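The values are calculated or read from the model by the stated rules, or taken from the named source; none is laboratory data. Here the structure is a predicted model, which is why all the values come from computation and not from measurement. Counting neighbours? That spans all protein chains shown, and the Cβs are built from the backbone with ideal geometry, glycine included. These accessible areas exclude ligands, DNA and RNA; they are computed on the full protein's heavy atoms, side chains included. Shrake-Rupley method; radii C 1.70, N 1.55, O 1.52, S 1.80 Å.
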Amino acid sequence: MTTFYCVRHGKTEFNLNRVFQGGLADSPLLPEGIENAKKVGTYLSDVDFNACFVSPQKRAQDTAKNILLGLNNKLEITTINDLREMEFGIWDGKPEEDYHHLEEFQNLVHRPHLYDPSICGGESFEELINRSKSVFNQISNDYPDGNILVVSHGLTLQSLLKHLDGSSIEDIRSGRLLDNTSITVIKSKENTTDYEIVDWNNTTHLM
């Protein structure tokens, strides 16, 4: 089976200021985001990783580079475009509070199964899940017994990992959301494209 160690990128300026930071926007890591990424590397230093796959967005790339500083085995970053964050179209880079009054914003946050991205020219949850799921299935095929580091984004990982574990789109935002520089471990079941979450939103390394 393939074991994925999935890390949400470090905290950024847009995270702090609650600005839409989807697949079409970026902002720098805060100092705490950099330090916490290094803590991820230290925490995972005993894992014998086979590969590292990262979103093309700078906040994820910078997080991965700082994680790799702490690992015992040297890895190269492989950039995968389909690990980017969900796209929010014209909302990307804008303050979230500007859209709180809109029904589709409330659907995005609270009722994802009802969210219609046509209001902003963004991406649906179905599209997000389909593109990111294909990445995990391909990695599982290429590394059937591997330990894989994935550095991506909050909504991408939240949606994909809950889907892989059997949740409907209606339920993918229920429960605790993924924290910045949290680690979630998911394993593919042998000879299948089924998955099981074994550790959700682990932040013990940040204490």
Out of 96, 123, 85, 127, sole residue that is of a type in the set (Asp, Glu), crowded, with 16+ Cβ neighbours inside 10 Å and in contact with a Pro (Cβ under 9 Å, 6 or more places away or on another chain): 123
Among (1) over 19 Å from residue 87 (Cα atoms); (2) in contact with a helix residue (DSSP H, G or I) (Cβ under 6 Å, 6 or more places away or on another chain); (3) in a helix (DSSP H, G or I), the one test that residue 163 misses: (1)
Among the residues listed as 168, 188, the single one being touching a residue at least 24 places away in the same chain (Cβ under 8 Å) and open to solvent by 30 Å² or more (accessible area, probe 1.4 Å): 168
Number of the exception - residue 191 against (1) under 21 Å from residue 2 (Cα atoms); (2) at pLDDT 90 or above: (2)
Every pair of residues 6+ apart whose Cβ atoms lie under 7 Å, when the first sits in segment 95-124 and is touching a residue at least 40 places away in the same chain (Cβ under 8 Å) while the second is of a type in the set (A, V, I, L, M) and surrounded by 13 or more Cβ atoms within 10 Å (Cβ to Cβ): 95/19; 96/19; 112/169; 112/172; 113/169; 123/86
Which numbered condition residue 145 misses (of (1) closer than 17 Å to residue 8 by Cα; (2) open to solvent by 60 Å² or more (accessible area, probe 1.4 Å)): (1)
Residue in segment 33-55 that is closer than 29 Å to residue 106 by Cα and in a loop (DSSP other than H, G, I, E, B) present: yes
